[in-house]
Amino acid sequence: MAEATNPATLDDVRHVANLAHLDLDVDEQQRMLKDLNAILGHIAQLNEVGTEGVAPMAAGLPALEEALGDSKEALREDTVRPSLDRAPVMAQAPETDGVFFKVPKVIER
């Protein structure tokens, strides 16, 4: 496996944990550091794969359609359908302002 050129540090783990509102203890930080560096190593390895001459794709759908061939029945037509009527849905909600669901605040900062 390729090594990441700039391995992550404990400060990186703490920064990401803070952004994600995670409270990690010392053991969890060490485990996350190991996992993050493993992920970065895999990405470094993928960066070594030759992709010259391979057309960029925004989605894997063309490759999926090619793999399915004539058996495209696995894919349904993408059709516009009406959404749920807001009024009956909001009427069943425990708390709403009529447009949005109201939920308790779960993150304190």
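General remarks:
- Reported count of residues in the range 1-10, each being surrounded by 12 or more Cβ atoms within 10 Å (Cβ to Cβ) and over 30 Å from Glu108 (Cβ atoms), is 3.
- Some residue of the range 64-76 being touching a residue at least 24 places away in the same chain (Cβ under 8 Å), within 25 Å of the chain's Cα centre (by Cα) and assigned to a loop (DSSP other than H, G, I, E, B): no
- Matching residues, the range 17-56, being among the aliphatic types (A, V, I, L, M), free of Cβ contacts under 8 Å to residues at least 12 places away in the same chain and closer than 30 Å to Glu108 by Cβ: Leu19, Ala20, Leu22, Leu24, Val26, Ile39
- Verdict on Val99 being surrounded by 11 or more Cβ atoms within 10 Å (Cβ to Cβ) and more than 26 Å from the chain's Cα centre (by Cα): no
- Complete set of residues in the range 11-34 that are among the aliphatic types (A, V, I, L, M) and surrounded by 15 or more Cβ atoms within 10 Å (Cβ to Cβ): Val13, Ala17, Leu24, Met32, Leu33
Just so you know, all these numbers are worked out from the coordinates, no wet-lab data involved. Quick caveat, the model's predicted, so the values are computed rather than measured. So basically every Cβ, Gly included, is an ideal-geometry build from the backbone, and we count neighbours across all protein chains shown.
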